[in-house]
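To start, the structure itself, in structure tokens.
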Amino acid sequence: KAGVTQTPRYLIKTRGQQVTLSCSPISGHRSVSWYQQTPGQGLQFLFEYFSETQRNKGNFPGRFSGRQFSNSRSEMNVSTLELGDSALYLCASSGRTGGTSPLHFGNGTRLTVT
Amino acid sequence: TQLLEQSPQFLSIQEGENLTVYCNSSSVFSSLQWYRQEPGEGPVLLVTVVTGGEVKKLKRLTFQFGDARKDSSLHITAAQPGDTGLYLCAGASGAQKLVFGQGTRLTINP
């Protein structure tokens with residue numbers, strides 16, 4: 001069974017630009033969550049999608065948005081990039097929604113904003 | 001807001017030693033998960049504990065969930081260089097999102 005796939009692995013963008021990250025969950029998983037990981041803040045929850053609906057949202061500004069498609073693949077978009085958005089963005093899939101479900105993480109997209 | 005505090009934040013020990021890392025909260029969780037993350041990779045689930053007082057063993061790793069379901073510990077016996085990584089605990093409460101601790105960065109020196 002293929003794991004969670006995130007593309008691209010690395011991105012370098014300039015402040016003010018926008019970026020779209022992609023995540024393909026494990027086959028059959030309908031829940032996709034996104035996390036931002038930085039050395040100072042650890043893993044911060046961005047949002048969770050289940051069956052194309054956003055189920056939970058973290059405390060991030062509206063520049064961070066996401067969506068999920070009918071095949072459960074998900075994208076997240078960050079507009080008007082800031083230097084502080086530099087981080088590892090992790091996607092995780094699960095067979096069901098809710099915090100008690102184990103998460104299967106991808107290897108992340110490393111975003112650098114210059 | 002539910003918070004999980006992990007201690008220590010950094011730990012560097014010699015191969016063969018034993019160690020314990022802790023995950024504490026003032027909140028009650030219905031379950032607690034432990035993950036290990038290696039450089040360049042995403043976190044990988046090690047174990048889920050769901051019952052207060054529960055102890056689970058995974059080879060040389062022993063996980064315990066506190067009786068009150070507010071804390072957990074991970075004990076590693078005879079640590080090996082392959083145990084090096086970032087250990088994350090994450091607490092769940094019903095339908096709420098999973099809350100992660102800041103992690104313990106463990107280095108095992110040969």
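Since every read-out is calculated from the coordinates, none of them should be taken as a lab result. Please read these numbers as outputs of a predicted model, since none were measured by experiment. In this analysis, Cβ positions are derived from the backbone assuming ideal geometry, glycine residues included, and neighbour counts consider all displayed protein chains.
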Review point. What is the dipole size for region B:6-64, taken about its Cα centre, with +1 at each Lys and Arg Cβ and -1 at each Asp and Glu Cβ, in debye to the nearest 20?
Key: 200
Practice item. Identify all lysines with a Cα-Cα distance to A:Lys57 below 22 Å; exclude those on the same chain that are fewer than 8 residues away in sequence. Key: B:Lys97
Check your understanding: When Rg is the radius of gyration of the Cα atoms in region B:55-110 and Rh is its Kirkwood radius, what does Rg/Rh come to?
Key -> 1.02
Check your understanding: Other chains near B:36-43: what is the mean number of their Cβ atoms within 10 Å of each residue's Cβ?
Key -> 5
Exercise for review: Kindly provide the Kirkwood hydrodynamic radius of region B:31-85 in Å, to one decimal, from all pairs of distinct alpha carbon atoms.
Suggested key: 11.9
Practice item. Just need the relative contact order of chain B here, percent rounded to a whole number, with Cα pairs under 8 Å and 6+ apart. Key: 37
Exercise for review: With a cut-off of 19 Å, note down the residues of region B:86-110 whose backbone N falls inside the zone around a label point 7 Å from the Cα of B:Gln9 toward its beta carbon.
Suggested key: B:86-90, B:100-108
Revision key, fill the gap. For region A:62-114, listing chymotrypsin sites (Phe, Trp or Tyr not before Pro) in a DSSP loop whose Cβ sees at most 12 other Cβ atoms within 10 Å gives A:Phe69
Exercise for review: Please report, to one decimal in angstroms, the Kirkwood hydrodynamic radius of chain B built from all distinct Cα-Cα pairs.
Suggested key: 13.9
Review point. Hey, what do the phi angles of region B:7-21 turn into as Karplus ³J(HN,Hα) couplings, whole Hz, using 6.51/-1.76/1.60 and θ = phi - 60°, x for Gly and Pro?
Key: 9, x, 6, 10, 8, 10, 9, 8, 3, x, 7, 9, 8, 9, 10
Practice item. Work out how far the C-alpha atoms of chain A reach from end to end along every principal axis, then list the three figures in whole Å, largest first. Key: 37, 26, 26
Review point. At what distance in angstrom do the alpha carbon centres of region A:73-114 and region B:60-83 lie from each other?
Key: 27
Exercise for review: Would you please report the Å³ per residue occupied by the convex hull of the alpha carbon atoms in the protein assembly as shown?
Suggested key: 119
Exercise for review: Between beta-carbons, use under 13 Å as the cut-off and find the net charge around B:Leu46, counting Lys and Arg +1, Asp and Glu -1.
Suggested key: +3
